[in-house]
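So that we are looking at the same thing, I have put the structure below in structure tokens.
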Amino acid sequence: MAMTAFQYRFVEELIKEPTGNASAAYRNAGGFSKYAKQSANKLLKHPKIAEGIARQQELLAQNVIYGLVEAHEDIKRGMNSAENSEDWLKGVEMLIRLHGLNKS
């Protein structure tokens, strides 16, 4: 059985919610505020909701990975066409920041 329109909106709101607050996602999806916490917790235990959340997270991860790979390739192309060592080193620095290697 497929998710209802409300369940689908709940999953979308939960993914958009920066803190992962299920109660806020429930209210933003159009649920009643009075029982938001209990109802949201009940929805989180529903198998279709869990599948929907996993599917949305996977899609987001694919988009992020694609963006990372594309950015990496663009920087490498720029490095290959660098006319001097200073431009090439700027490319290296960009790659380091892109991949989070500049954090100690």
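Give the Rg/Rh ratio for the range 5-98, taking Rg as the radius of gyration of the Cα atoms and Rh as the Kirkwood radius, to two decimals.
Ratio of gyration radius to Kirkwood radius: 1.31.
Sticking with this structure for a sec: State, as an integer percentage, the relative contact order of the chain based on alpha-carbon contacts under 8 Å between residues 6 or more apart.
Value for the chain: 19 percent.
Next question. Pairing the Cα long axis of helix 5-16 with the longest principal axis of the chain, what angle in degrees results, from 0 to 90 and rounded to the nearest 10?
For helix 5-16, the angle is close to 40 degrees.
From the C-alpha coordinates alone, can you work out the Kirkwood hydrodynamic radius of the range 44-104, in Å?
13.9
Which loop-located chymotrypsin sites (Phe, Trp or Tyr not before Pro) does the range 1-34 contain, where loop means any DSSP state but H, G, I, E or B and the Cβ has at most 10 other Cβ atoms within 10 Å?
Here the sparse-neighbourhood loop sites are Phe32.
Please check the chain for the longest run free of trypsin sites (Lys or Arg not before Pro) that are loop-located per DSSP (anything but H, G, I, E, B) and have at most 10 other Cβ atoms within 10 Å.
46-102
Sticking with this one: Using only the alpha-carbon atoms, how far is helix 47-80 inclined from the longest principal axis of the chain? Give it as 0 to 90 degrees, nearest 10.
It is inclined by approximately 10 degrees.
Shifting gears a bit: For helix 85-98, what angle does its Cα long axis make with the longest principal axis of the chain, in degrees from 0 to 90 and rounded to 10?
Tilt of helix 85-98: around 20 degrees.
Taken together, the values in this text are just the output of simple stated rules run on the coordinates, not laboratory data. All figures in this text were calculated on a predicted structure; none of them were measured in a lab. Reconstructed Cβ throughout: ideal geometry from the backbone, glycine too, with neighbour counts over all protein chains shown.
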